[in-house]
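Note sheet for the following structure.
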Amino acid sequence: MYGAFETHLTDTLAAIEAAGLTKRERVITTPQGAQIGVTTAADGVLNFCANNYLGLADEASVVAAAHAGLDAYGFGMASVRFICGTQAPHTDLEARLSEFLGTHDTILFSSCFDANGGVFEALFGPEDAIISDELNHASLIDGIRLSKAARYRYRNADMADLAAQLEAAASARFKVIVTDGVFSMDGAYAPLREICDLADAHGALVLVDDSHAVGFVGGGGRGTPELFGVAERVDILTGTLGKALGGASGGYVSGHQAIVDLLRQRARPYLFSNSVAPSVVAGSLAALDLVAGSADARARLVANTELFRALMAEAGFDLDPFAGVASDAVRPTGVPPHPITPVMFPGEEGARLAGRIADHMLRESGVYVIPFSFPVVPRGKARIRVQLSAAHSSDDVRACVAAFVAARAAASGHSLSDIGIPFT
Ligand SMILES: *Cc1c(COP(=O)(O)O)cnc(C)c1O
């Protein structure tokens, strides 16, 4: 039987390749950091595409804590939490996360993908309605699909459409609005204040997935609810340990006591998947300690982001993913820019140009960035997504900008002035 199936698979792979959508993985030869080694380049390269926002992925005290956790608690648990997979560090980490986030309790999952995969089915039934932003992360979309609740989708950050969907869902027993705290392709914050206002007006709960914010957004690094002053009004928070909080693995749901209590009884990825490894938990605890006291790193991250944006704007690059898009989305103002910075290459030829520029930057300047095009982002809205880190020096940031400028100059031989890319 496999023969026909294999033909089907290789046809599918060929179609992906023909569409230019094959994802190839670069092999890194060093720990994750601002500077990394890759097998395709002789020298180290500057990394601008990790979610290592606070630079903790190779932080000495985090690594040391993970070593100590390995020595004290062994390599693995070989069990789920409720059978015999819970050690002191697991409950410590849950308590520390609750304290940090200002919530009642927290439940740990192997990943945020699992947290989002388990939270909806366990909490909401066919009488309920889930109202979800169209740009929410894939794991939220999948988790929502697994529940039997009625599903409503609203246009990205569009509060008039959210209100309309809440109206449409008015007869549901319970309603929950679901949003990413930060939309990862645009580096755009969800308008949480307006969302919480609508939730109050319509008697809905609010769930925020703060994976791209926890640890570094808000004065204390507590994420988008802190940034917008709505921490008390968000009922359910999900997030990852795999980005700013050390970058290893693990995710969580945090919130009211009864929500977490029921998830421990009912969430399937919690009940049926192995515990997070003790060394990872120990390292994450150390990362969380650093984050709670790391106002300096957060300030460095904001400064790097602002420097990059200023220099790129000065060099004539387009950093606005929403230019020319008709939309009623609410984009919060008066907040620091998010370290995700999309460098836009709009138009028909944009995808190819973004790819060429990213290639040139790695090859000629040793700067590692990733281009994104349709279907990951809308057609005609190709971009290179740059992610700043507190681990970058200001010289690193300047080197990244210089690499963009050099790559654009090299690409200018290809008659790109046709498509509105300015040259300097
Ligand atoms: C990265 C991310 C996830 C997945 O987190 P993992 O812990 O890696 O599974 C989920 N939601 C959002 C919004 C993310 O950005």
Self-check item: segment 60-292 - share of DSSP beta bridges that are antiparallel (%, nearest 5)
Solution: 40 percent
Quiz item: Amide H to amide H under 5 Å from Leu205: which residues, 5+ apart in sequence or cross-chain, H placed 1.01 Å off N in plane?
Solution: Lys175, Val176, Ile177
Quiz prompt | Label-point separation, Thr29 to Asp71 (7 Å along Cα→Cβ), nm | solution = 3.1 nm
Quiz prompt | Under-5 Å amide H pairs with Arg153, H placed in peptide plane, nonlocal only | solution = Ser132
Quiz prompt | Within segment 205-311, percent of DSSP bridges classed antiparallel, to nearest 5 | solution = 60 percent
Quiz item: Normalised by the number of residues in the chain, what is the relative contact order in percent for Cα pairs under 8 Å and 6+ residues apart?
Solution: 21 percent
Quiz item: At 25 °C and 0.890 mPa s, what whole-number value in µm²/s does Stokes-Einstein give for the translational diffusion of segment 56-194, with Rh from the Kirkwood sum over Cα pairs?
Solution: 139 µm²/s
Quiz prompt | Gain in span if fully extended, Glu232 to Ala15, counting 0.36 nm per residue against the direct Cα distance | solution = 73.3 nm
Quiz item: Roughly to the nearest percent, how much of the accessible area of segment 302-349 is carbon and sulfur, given a 1.4 Å probe?
Solution: 53 percent
Quiz item: At Asp296 and Ile83, where each label point lies 7 Å from the Cα along Cα→Cβ, what is the point-to-point distance in nanometres?
Solution: 4.6 nm
Quiz item: Rounded to the nearest 5, what is the percent of antiparallel bridges among the DSSP beta bridges in the chain?
Solution: 60 percent
Exercise. Could you list the residues of segment 31-60 with an amide nitrogen less than 17 Å from a label point located 7 Å from the Cα of Ser393 in the Cα-to-C-beta direction?
Key: 33-37, 44-48, 55
Self-check item: Relative contact order for segment 86-205, counting Cα pairs under 8 Å that sit 6 or more residues apart, in percent
Solution: 21 percent
Exercise. Select from Val281, Pro225, Ser132 the residue farthest towards the positive end of the dipole of segment 60-292; place +1 on Cβ of Lys and Arg, -1 on Cβ of Asp and Glu, and compute about the Cα centre.
Key: Val281
Practice problem: Go ahead and estimate [θ] at 222 nm for the chain from helices alone: -39,500 (n - 2.57) per DSSP H run with n ≥ 4, summed, over the residue count, rounded to 500. | Solution: -13000 deg cm²/dmol
Practice problem: Could you work out how far the C-alpha centroid of segment 45-85 sits from that of segment 175-205, in angstrom? | Solution: 31 Å
Quiz item: Given a 1.4 Å probe, how much area per residue of the chain is accessible, in Å²?
Solution: 44 Å²
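The values are calculated or read from the model by the stated rules, or taken from the named source; none is laboratory data. Note that the structure is a prediction, hence the values are computed from the model and not measured. Neighbour counts are summed over all protein chains in view; Cβ atoms, including those assigned to glycine, are modelled from backbone coordinates with ideal geometry. In case anyone asks, the SASA skips ligands and DNA or RNA and just uses the protein heavy atoms, side chains included. Shrake-Rupley method; radii C 1.70, N 1.55, O 1.52, S 1.80 Å.
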